[in-house]
Amino acid sequence: MQEKEYNDIMKIGFQAEEAIDEHIKEKFGREFPDKTILIKEGETKQEIFWLLSGEVYITRKMEKKYKVLATLGSGELIGEMSFFDRSVRSATVITKGPVKALVFSKEDFADIFRASPQWTKRFLTSLSCRIRLMIEKLIKLQ
């Protein structure tokens, strides 16, 4: 990894949202139109998406249709579960309108995650919210 690239990764690792400037957006940023599949259930690709704007549907194929499990928006990390447990993608993620995101390779994200404990907190907070939403959905189904 080149020094400039490493410095960009460390900047994101330590400064999080404060690090997002035009240079970071140019390097890692991508824009996706409505109904774009970012992640496909069963894939092994390990890109991690940090949503900057817009929303995505987290879906799961049930028989011949996709069922929406959750809708996530700005500030959320997408694709991190398979990064941590090295499994195949457990859901399909589809954009709900236009989305802007930073997209990291598994190597870049590993460096960011190791750089600062705040990423552990960010991940655990996100995971807790998602578990809580799933519990609420399960309760409503009873």
How big is D, in µm² s⁻¹, for the stretch 89-142 by Stokes-Einstein at 20 °C and 1.002 mPa s if Rh is the Kirkwood radius over C-alpha pairs? 154 µm²/s
What share of all Cα pairs of the chain, in percent, falls into each consecutive 5 Å distance bin? 2, 9, 18, 22, 21, 15, 7, 3, 2, 0, 0
Between the stretch 77-141 and the stretch 28-72, what is the C-alpha centre distance in whole Å? 11 Å
Helical mean residue ellipticity (222 nm; -39500 (n - 2.57) per DSSP H run of 4+; nearest 500) of the chain: -13000 deg cm²/dmol
Taking all pairs of distinct alpha-carbon atoms in the stretch 29-76, Kirkwood radius in angstrom: 12.0 Å
Relative intensity, log₁₀ I(q)/I(0), of the stretch 1-83 from a Debye sum that treats every alpha carbon as a point, q = 0.14, 0.19 Å⁻¹: -0.59, -0.97
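Bear in mind that the values in this text are calculations on the coordinates, not laboratory data. From a predicted model like this one, the values you see are computed outputs, not experimental measurements.
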